[in-house]
Each structure stands twice: as structure tokens, then as C-alpha cells.
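Here's the structure, in C-alpha cells; my notes come after.
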Amino acid sequence: MPLTPLVYWAQRHDDIYLRVDLTDAQNIDVQVHEKVLQFRAQGHGAKGQNEYEFSLEFLLPVKSEVSHRSTQRQVNITLQKEQRGWWDRLTLQERKPVFLTPDFDRWLDESDAEMEIREKEDKKNMLKASRHKEEGFVSLTTGYLFVYNLVQFLGFSWIFVNMTVRLFIFGQDSLYDTFHTISDVMFFCQTLASVEVLNAAFGVVRTGVIPTLIQVVGRNFILFIIFGSVEEMHNQPVVFFVFYLWSAIEIFRYPFYMLGCFDTEWKTLTWLRYTIWIPLYPLGVVAEAVAVVQSIPIFDEAKLFSIPLPKAVGTSVSFSCVLYVYLVLMFLGLFINFRHLHKQRKRRFRTKKRKAN
């Protein structure tokens, strides 16, 4: 004959919780018809291994959907009340069945249950508020990055197009007045590029701080020190090649970042952004090195930025010594950045292949 297991119960305003004291329950059958729940299962209960069953007629109707989950120690049953409210008792009959007892682990009075609801609502409202705040921050960051990349794209595009048009119109003569016609916009773009170091440092963008710092400091050193401080360098053709190679890289990099702000991708642009630097970046470093070498005798003659030494020594250290050291650091930086960009390219296209597969 089927036996009756011990059943523990608790309630909330919306739910009924039953815990059947049955170990390693198998062949569990739980059905609900209107106000009546019928349970049957095999397992180890108060009277050993046997078949157990019970029936409960609830005080008020419950929904027919019932969920149950069996563990090694018990069977947990959850039912939803047809109408939200607090029941005075579980069963229709005033005298509760002998096998039924309150589940004190989950038991709450009506006031405690209402407090629990308020706490859940407060947590939900706090979570929603934090999400709105985070979404607002994300949208603000996205807008900032989009505008920054747009301004840089427009600046470098103007430089590239202007130099290209002048090359076609004036030919070789355009190489000698590049600094006078382009430098103002290049000064603006490269000064603004310093923001990229801060973006990387504060986590606004996910990229390495060191490679970004090397590129920004390296370019600004060439622009402001080598070209900007020595008038004899203004008419050198090397200025054209440096500016042209810089802008040729950036007119693909910045629009790629602009689309990335909105999780959008143009495959051709992606390929160009991760490929065009392979020939252009080393060529740009070579052009920068040529500019440094050409400026060394000029700095020696003008004694510009020379480092004075004590009178006992009676001489000074020429800035050209710094430039020789910079030449070594320049090619070291080329190696670091080239490896960084290569890893980025490899990671990007390896990820794309995995997604395709």
C-alpha cells in the first residue's frame, strides 16, 4: 500500500512552496486539477524505501502549471496562486492533515513577505537605475569617440587630398612647400592625437598604452622638434613624405573606429585598416629617420637645445647626441609597434575565421 510522506509548506503572496521529505525520489508524478494537488513517487521516506503519495485540496484555486525539482534529500514543488493574496491556511479543511507541517526554513508572516517584496522591488529599481546610468555613460562615451574619430578623419583626409591634388598640379615643386601649406592642420591633428594616450590609460578604449604612447610621442617629436623648431627643415622634401605616409594610414584607421562605435563593420575597410600599415608604417619610420639625420648638422650649427655643462668642463652637449639616441629608440619602437599591430591583425582575422566556421 502507498504510504504518506512528510510534507512541509510555505507561501508568498503569489506562490505556494511544498517540500516533500523523500530521498532519491523516482517516477515522480505531480498533477493539479483546480484546487487539488496529487503527488506520487517512489523513494526513501519516513518508513523506508516504498511508494509514497498524498493529496491536498487547497483553500483557493491554483494554476494548473506546477514545477518540481528532485534532489537527493527531497522533492521541491512550486505552485502559483490563481489570485494574488495571503492565505489563512493551506487546505480547504480547517484541520490540517497530520503529514503537513510549516516549512520554517522558508516561513514568513504576511508582513515579512510584504517587506521581502519591497526589498526585491528596491533592488530591482536600483539595478534599473544603475543600468540607465551605465547606458548613459556608454552612449556618452560612444558619442565622444565618434566625434573624436570623425574630426581626426576629416583632418587627415584634408591633408591627404590636399597633398595629392597639389602633387598633380605642381608636380615636384609641391614637395618643397608642404610644411607651409599643411603644417597648421597637421599640428592640430597630432596635438589632438595626444588624447588617445589618455583614452587608453583610462580604459575608454581597449588598447595598449605603451604602443599608443610610442606612436604619439614619436610623431610629435618629429613634427614639433625636428620640423617645427628648425626653419631650415621646412622646405625639405622629406616633410612631404612623412606627412603623406602618416595621413595615408590614418584615413583608413579613423573611419574604422567610427564604424566600430556603433558595432558596424565594412569588410573592405577592416582589411585595409589591418593591412595598409604593413608597408606604410616602416616607410614612415624610414622617412622620419631621414628627417632626423638631415636635421643633425642643422642642430649642431645652431647649437639649438644644446645642454650646457659646468664651466670647469668648458663645453656643452649638442642636441645631436640626443638625436642619435632617438634614432636607436625609433627603430626599437618600430619593432614594438610592428609586433603589436601584427598581433592585432592576427587576432582580428583569426576571430573572423572562427565566426565563419
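Observations on the structure shown:
- Options THR270, THR264, THR275; residue that is farther than 28 Å from VAL328 by Cβ, in contact (Cβ under 8 Å) with a residue 12 or more places away in the chain, among the β-branched types (Val, Ile, Thr) and outside any helix (DSSP H, G or I): THR275
- Flag for THR191 being open to solvent by 50 Å² or more (accessible area, probe 1.4 Å) and either touching a residue at least 24 places away in the same chain (Cβ under 8 Å) or in contact with a Ser or Thr (Cβ under 6 Å, 6 or more places away or on another chain) (or both): yes
- Members of region 50-89 that are more than 12 Å from VAL20 (Cα to Cα) and acidic (Asp, Glu): GLU51, GLU57, GLU65, GLU82, ASP88
- Residues that are part of a helix (DSSP H, G or I) and open to solvent by 30 Å² or more (accessible area, probe 1.4 Å), drawn from region 221-239: PHE221, PHE224, ILE225, GLU231, GLU232
- Unmet requirement for ARG69, which otherwise passes all of (1) open to solvent by 60 Å² or more (accessible area, probe 1.4 Å); (2) over 40 Å from the mean Cα position of the chain (by Cα); (3) closer than 30 Å to ASN27 by Cα: (2)
- LYS311 being open to solvent by 60 Å² or more (accessible area, probe 1.4 Å), in contact with a strand residue (DSSP E or B) (Cβ under 8 Å, 6 or more places away or on another chain), at pLDDT below 90 and not β-branched (Val, Ile, Thr): no
- Residues in region 200-213 that are hydrophobic (A, V, I, L, M, F, W, C) and open to solvent by 50 Å² or more (accessible area, probe 1.4 Å): ALA201, PHE202, VAL204, VAL209, ILE210, LEU213.
- Selection within region 23-56 - under 28 Å from TRP86 (Cβ atoms) and of a type in the set (A, V, I, L, M, F, W, C): VAL30, VAL32, VAL36, LEU37, PHE39, PHE54, LEU56
- Candidates in region 116-148 are the residues that are among the aliphatic types (A, V, I, L, M) and within 17 Å of the chain's Cα centre (by Cα); of these, the one that is modelled with the highest pLDDT is LEU145.
- Taking the criterion of being under 24 Å from ARG206 (Cβ atoms) and open to solvent by 40 Å² or more (accessible area, probe 1.4 Å), the residues of region 273-296 that qualify are ILE276, ILE278.
- Count - residues of region 4-45 that are open to solvent by 40 Å² or more (accessible area, probe 1.4 Å), outside any loop (DSSP other than H, G, I, E, B) and farther than 25 Å from ILE117 by Cβ: 13
Residue-by-condition table, conditions (1) farther than 25 Å from LEU213 by Cα; (2) touching a residue at least 40 places away in the same chain (Cβ under 8 Å); (3) part of a helix (DSSP H, G or I):
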residue	(1), (2), (3)
VAL292	no, yes, yes
GLU301	yes, no, yes
TYR326	no, yes, yes
MET330	no, yes, yes
ARG339	no, no, yes
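The values are calculated or read from the model by the stated rules, or taken from the named source; none is laboratory data. As the structure is a computational prediction, the values presented were derived from the model and not from experiment. All Cβ positions, glycine included, derive from the backbone under ideal geometry; neighbour counts span all protein chains shown. Only protein heavy atoms, including side chains, enter the accessible area calculation; ligands, DNA and RNA are left aside. Shrake-Rupley method; radii C 1.70, N 1.55, O 1.52, S 1.80 Å.
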